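Engineer: Submitted below is the structure of interest, expressed as structure tokens.
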Ligand code: PMT
């Protein structure tokens, strides 16, 4: 089963508050939402009344899976909605922004939810104007834009071309990609994986014994999901192949949910071909029962049946795909209880990896934890990293993997 999942908000995620004003280009705000989500950013939308004449709040609600704010008093549970919205924003992007809203914000006028939030926020303000050419070139608009520039607002210049009103000139909303890039830049997100394809395996696999019992392990998926989130945020096309975990799918990531090692192998084979970087963070069950019983095995016959489960080896996904590698940078993990580096060095060779991320497991380490200590092992070097959160570790692994890119 595959889907592109927007998932739920999480603390590591940046939030862009997208202001939509009353302009024919308002429909392009939907593409802006998608572009930001693809980069792993959470988007909340606030609209002016006039904007709702062009695109309904329902559309943005469906796209963002968030409530959409229009009126100052729309949310009875939150009497000071403009302040909570203002505080949630890491960046306040207004796109498209009309001459009227630019004028109001430039002069501190706060007469609706959007402009009141603009006044209340301390988040960086990014504005993409869109209007008729004469309005754009009018001295009042130029003056207001200048005022906002001085106050630190970032403008994404309107483009030249055919305008909805029939005029030709400057006033078209800038390209969606430029608006998304400028916003991500303002968030401090580096886009060094843009145009790259990254495949990640995560979580455990489960190997059925009977319809209710299985062989598995304690992988929570935190490491693989952090990698997927970080890669998406840095601009990569990410496929996350996940065994059963209880984590929300990262935004903008192509999810493939699997259960067994053989399912994971098939999904990884599909994604591997086009991958620039393939990271194998999953804890794949090395063995599975030769045959899963079709019925729940009874206690009374446990000795006879459960006591002698016949195990067979699962395919080694990393070793098999590593051997086939062409352009792919292959990153494996090594989960070891002893001789961590020595065993990782062996896995680097036997699994045809470019890099092995080695970690010590057991005694509450690595599996399920929020942080980890790892060694980067490649054919040149062994580097021990300090303890760090799995979120930060994900960026370190991506930085290291990028050194192997052709
Ligand atoms: O998910 P978390 O709770 O965040 O925990 C993170 C982790 C401990 C699962 C992670 O840091 C980790 O070590 N992942 C690899 C676990 C593992 O199975 O290690 P291994 O040494 O047994 O396998 C070596 C490598 O071969 C791994 O990249 C593994 O994904 C891969 N492998 C193993 C067996 C198999 N049949 N197919 C594989 O692809």
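The values are calculated or read from the model by the stated rules, or taken from the named source; none is laboratory data. Just so it is clear, the structure is predicted and the values come from calculations on it, not from any experiment. Here the Cβ positions follow ideal geometry from the backbone for every residue, glycine too, while neighbour counts run over all protein chains shown.
Engineer: Do you know which residues across segment 207-243 are within 12 Å of the ligand (Cβ to nearest atom) and part of a loop (DSSP other than H, G, I, E, B)?
Structural biologist: Once the filter is applied, which keeps residues that are within 12 Å of the ligand (Cβ to nearest atom) and part of a loop (DSSP other than H, G, I, E, B), segment 207-243 yields 216, 217, 218, 219, 220, 221, 243.
Engineer: Inside segment 112-126, can you point out the residues that are within 24 Å of the chain's Cα centre (by Cα) and either free of Cβ contacts under 8 Å to residues at least 12 places away in the same chain or under 16 Å from residue 145 (Cα atoms) (or both)?
Structural biologist: Once the filter is applied, which keeps residues that are within 24 Å of the chain's Cα centre (by Cα) and either free of Cβ contacts under 8 Å to residues at least 12 places away in the same chain or under 16 Å from residue 145 (Cα atoms) (or both), segment 112-126 yields 124, 125, 126.
Engineer: From the list 333, 376, 404, which one is over 22 Å from residue 222 (Cα atoms) and either in contact with a strand residue (DSSP E or B) (Cβ under 6 Å, 6 or more places away or on another chain) or within 11 Å of the ligand (Cβ to nearest atom) (or both)?
Structural biologist: From the options 333, 376, 404, the qualifying one is 404.
Engineer: Further question on the same structure: Sort out which residues of segment 387-396 are in contact (Cβ under 8 Å) with a residue 24 or more places away in the chain and more than 12 Å from the ligand (Cβ to nearest atom), and write them in order of number.
Structural biologist: The one that is in contact (Cβ under 8 Å) with a residue 24 or more places away in the chain and more than 12 Å from the ligand (Cβ to nearest atom): 395.
Engineer: Is it true that some residue in segment 340-359 is in the same structural domain as residue 222 (by the TED database), outside any helix (DSSP H, G or I) and over 16 Å from residue 280 (Cβ atoms)?
Structural biologist: Checking segment 340-359: not a single residue is in the same structural domain as residue 222 (by the TED database), outside any helix (DSSP H, G or I) and over 16 Å from residue 280 (Cβ atoms).
Engineer: So which residues in segment 161-175 are at pLDDT 85 or above and surrounded by fewer than 20 Cβ atoms within 10 Å (Cβ to Cβ), if there are any at all?
Structural biologist: 170, 175
Engineer: Further, regarding this structure: Taking residue 249 as the residue in question, decide whether it is under 18 Å from residue 356 (Cα atoms), in contact (Cβ under 8 Å) with a residue 40 or more places away in the chain and not assigned by the TED database to the domain that holds residue 39.
Structural biologist: It is false that residue 249 is under 18 Å from residue 356 (Cα atoms), in contact (Cβ under 8 Å) with a residue 40 or more places away in the chain and not assigned by the TED database to the domain that holds residue 39.
Engineer: Quick one: how many residues across segment 345-357 are more than 7 Å from the ligand (Cβ to nearest atom) and more than 29 Å from the chain's Cα centre (by Cα)?
Structural biologist: 4
Engineer: If we only count strands (runs of 3 or more DSSP E) wholly inside segment 1-84, which ones have 1 or more residues that are surrounded by fewer than 19 Cβ atoms within 10 Å (Cβ to Cβ) and at pLDDT below 85?
Structural biologist: Correct list: 2-5.
Engineer: Give segment 358-368 a look and list any residue that's more than 7 Å from the ligand (Cβ to nearest atom) and in contact (Cβ under 8 Å) with a residue 24 or more places away in the chain, or say none.
Structural biologist: 358, 360, 362
Engineer: Within segment 177-206, which residues are part of a loop (DSSP other than H, G, I, E, B) and more than 16 Å from the ligand (Cβ to nearest atom)?
Structural biologist: Once the filter is applied, which keeps residues that are part of a loop (DSSP other than H, G, I, E, B) and more than 16 Å from the ligand (Cβ to nearest atom), segment 177-206 yields 187, 188, 189, 190, 191, 192, 193, 194, 195, 196.
Engineer: Can you name the number of the only condition in (1) within 16 Å of the ligand (Cβ to nearest atom); (2) within 13 Å of the chain's Cα centre (by Cα); (3) part of a loop (DSSP other than H, G, I, E, B) that residue 246 fails?
Structural biologist: (2)
Engineer: Tell me whether segment 379-386 contains one or more residues that are within 11 Å of the ligand (Cβ to nearest atom) and surrounded by fewer than 21 Cβ atoms within 10 Å (Cβ to Cβ).
Structural biologist: The answer is no; no qualifying residue exists.
Engineer: Now for a separate question. Just for strands (runs of 3 or more DSSP E) wholly inside segment 251-332: which have at least 3 residues that are at pLDDT 95 or above, surrounded by 22 or more Cβ atoms within 10 Å (Cβ to Cβ) and touching a helix residue (DSSP H, G or I) at 6+ places or on another chain (Cβ under 8 Å)?
Structural biologist: 277-280
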